[in-house]
Amino acid sequence: MESAKSWDIYYGVDDDSSLRNVQFVRLHAAPVEIPEDGVHATVMVIHGGFWKNKFGLDDEYGNAGTASLAPFFRDRGYAALELEYRRRDHLGGGWPGTNEDVLAAVKKLRELQNNLSGAALSEDDDTSGRVAALRALRLDRLILAGHSAGGCMALWAAHQFSAAEMAEVGKVALVYAAAPVADLIEGYNMKVSDEGDAVELYMKCTPEENDGQLQYQKASPASMLPLTFPILVAYGDKDADLPPELVAKYVKAATEKSPEHVHEVRLPEADHFDVVNAKSAAWVDSIIPSMCKVVESQLGAPAAKALKQTSS
């Protein structure tokens with residue numbers, strides 16, 4: 001299938017910012033077939049990479065391993081977005097700026113949608129396609145799909161959207177957390193990443209120094225329980241990048257405090273990237289069936305049925 005058109009929308013504060021190639025959300029063209037009631041939901045993919053600058057939407061690794069997700073959902077009647085954000089060594093990156101980029105991106109999309117009210121489609125195919133894609137977004141039905149460090153950000157952002165002031169901007173229907181760094185204190189203690197310092201460099205402090213403990217608690221999804229939104233957590237026992245025990249501990253804690261919101265897929269044969277590869281056996285045989293159950297309960301049977309469709 002020919003790849004669909006996409007547009008990069010800058011959401012930073014300063015239009016002349018040198019971060020234009022960092023703070024953007026990639027808006028994929030509206031699905032070819034949109035259900036009568038609108039797209040099933042809007043999926044925002046948040047890549048991982050331990051917050052390192054070299055991992056991004058246009059990196060040599062294929063969007064840090066998540067390149068197959070946006071096309072998968074778009075082909076099934078979902079609006080698709082991919083978030084690019086400041087990593088730890090960009091100006092203002094790291095905690096809390098990196099996390100705040102998730103909220104800023106959704107706010108920008110909501111602003112653009114509001115400004116489209118009553119606007120006629122342009123005769124220009126490119127402009128017309130961009131406007132159609134913006135109109136198709138359903139920010140009241142957000143699925144945040146985050147991988148690894150992006151999983152941490154997706155969970156954190158969903159907690160923020162639960163607040164009244166953010167609920168008017170967007171409402172989270174589901175968080176798909178794929179091998180998420182869901183507990184930053186545990187991640188720091190386990191020295192996750194090849195160099196072992198990913199969490200410390202992202203947080204710009206350790207839990208022991210200054211007000212480090214407080215900052216870690218503000219940033220870590222594990223410290224924000226209980227949940228008020230559903231999550232589907234998928235991870236593999238053969239994950240060599242993030243200890244499965246870290247994810248399992250978070251799932252256990254979340255289940256104890258809000259069992260009705262937690263759905264887990266633990267895969268004995270899967271690695272760190274199988275859980276975000278829409279062509280992997282893990283995705284097809286285990287993740288999608290589990291996602292369908294959650295989606296049906298949150299968004300209805302048609303949205304769940306669409307996920308089961310094979311790509312044309």
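The values are calculated or read from the model by the stated rules, or taken from the named source; none is laboratory data. As the structure is a computational prediction, the values presented were derived from the model and not from experiment. Cβ atoms come from the backbone with ideal geometry, glycine included; neighbour counts cover every protein chain shown.
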> Across region 174-205, what is the number of residues that are crowded, with 24+ Cβ neighbours inside 10 Å and under 20 Å from Leu144 (Cβ atoms)?
Replying inline: 12
>> Considering only residues that are more than 15 Å from Val199 (Cα to Cα), assigned to a loop (DSSP other than H, G, I, E, B) and of a type outside the set (Gly, Ala, Ser), which ones fall in region 209-242?
In response: Asn210, Asp211, Met224, Leu225, Pro226, Leu227, Thr228, Phe229, Pro230, Asp237, Lys238, Asp239
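Just give me the residues in region 47-85 being small (Gly, Ala, Ser) and in contact (Cβ under 8 Å) with a residue 24 or more places away in the chain, in sequence order. Working first, answer last.
Narrowing region 47-85 to residues small (Gly, Ala, Ser): 48-49, 56, 62, 64-65, 67-68, 70, 77, 79-80.
Matches in region 47-85: Gly48, Gly49, Gly56, Ala64, Gly65, Ser68, Ala70, Gly77, Ala79, Ala80.
Name the residues in region 72-96 that are of a type outside the set (A, V, I, L, M) and surrounded by fewer than 17 Cβ atoms within 10 Å (Cβ to Cβ), would you? Spell out how you get there, then give the answer.
Taking region 72-96 first, the residues of a type outside the set (A, V, I, L, M) are 72-78, 82, 84-90, 92-96.
Asp89, Gly92, Pro96 - these are the residues of region 72-96 that are of a type outside the set (A, V, I, L, M) and surrounded by fewer than 17 Cβ atoms within 10 Å (Cβ to Cβ).
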> Are any residues in region 178-190 farther than 13 Å from Gly49 by Cα and in contact with a helix residue (DSSP H, G or I) (Cβ under 8 Å, 6 or more places away or on another chain), and if so, which ones?
Replying inline: Ala182, Asp183, Leu184, Ile185, Glu186, Gly187, Tyr188, Met190
> Among the residues of region 119-126, is any crowded, with 19+ Cβ neighbours inside 10 Å, farther than 29 Å from Lys305 by Cβ and not basic (Lys, Arg)?
Replying inline: no
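Mind checking which residues of region 1-28 are closer than 28 Å to Gly97 by Cα, at pLDDT 90 or above and part of a loop (DSSP other than H, G, I, E, B)?
Matches in region 1-28: Tyr11, Gly12, Leu19, Arg20, Asn21, Val22, Gln23.
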>> For region 81-174, give me every one of the helices (runs of 4 or more DSSP H) that falls completely inside it and has 2 or more residues that are under 19 Å from Ile34 (Cβ atoms) and touching a strand residue (DSSP E or B) at 6+ places or on another chain (Cβ under 8 Å).
In response: 97-115, 125-136
>> Quick test for you: out of Gly56, Gly48, Gly38, pick the one residue that is assigned to a loop (DSSP other than H, G, I, E, B) and out of contact with any strand residue (DSSP E or B) (no Cβ under 8 Å at 6 or more places or on another chain).
In response: Gly38
> Just one of Val32, Val22, Val39, Val43 is in contact with an Asp or Glu (Cβ under 7 Å, 6 or more places away or on another chain) and of a type in the set (A, V, I, L, M); which is it?
Replying inline: Val22
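Yes or no, residue by residue, for (1) out of contact with any strand residue (DSSP E or B) (no Cβ under 6 Å at 6 or more places or on another chain); (2) buried (at least 16 other Cβ atoms within 10 Å of the Cβ); (3) aromatic (Phe, Trp, Tyr):
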residue: Asp211; (1), (2), (3): yes, no, no
residue: Gln217; (1), (2), (3): yes, no, no
residue: Pro226; (1), (2), (3): yes, no, no
residue: Phe229; (1), (2), (3): no, yes, yes
residue: Gly236; (1), (2), (3): no, yes, no
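Test Ser290 against the stated conditions and say whether it is buried (at least 18 other Cβ atoms within 10 Å of the Cβ), of a type in the set (S, T, N, Q) and closer than 18 Å to Asp239 by Cβ.
Numbers: buried (at least 18 other Cβ atoms within 10 Å of the Cβ): no; of a type in the set (S, T, N, Q): yes; closer than 18 Å to Asp239 by Cβ: yes.
No.
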>> Being in contact with a Phe, Trp or Tyr (Cβ under 9 Å, 6 or more places away or on another chain) and aliphatic (A, V, I, L, M) is the filter here; which residues of region 295-312 pass it?
In response: Ala303, Ala306, Leu307
> Do you know which of the residues in region 1-52 that are within 16 Å of His90 (Cβ to Cβ) and among the aromatic types (Phe, Trp, Tyr) is surrounded by the most Cβ atoms within 10 Å (Cβ to Cβ)?
Replying inline: Trp51
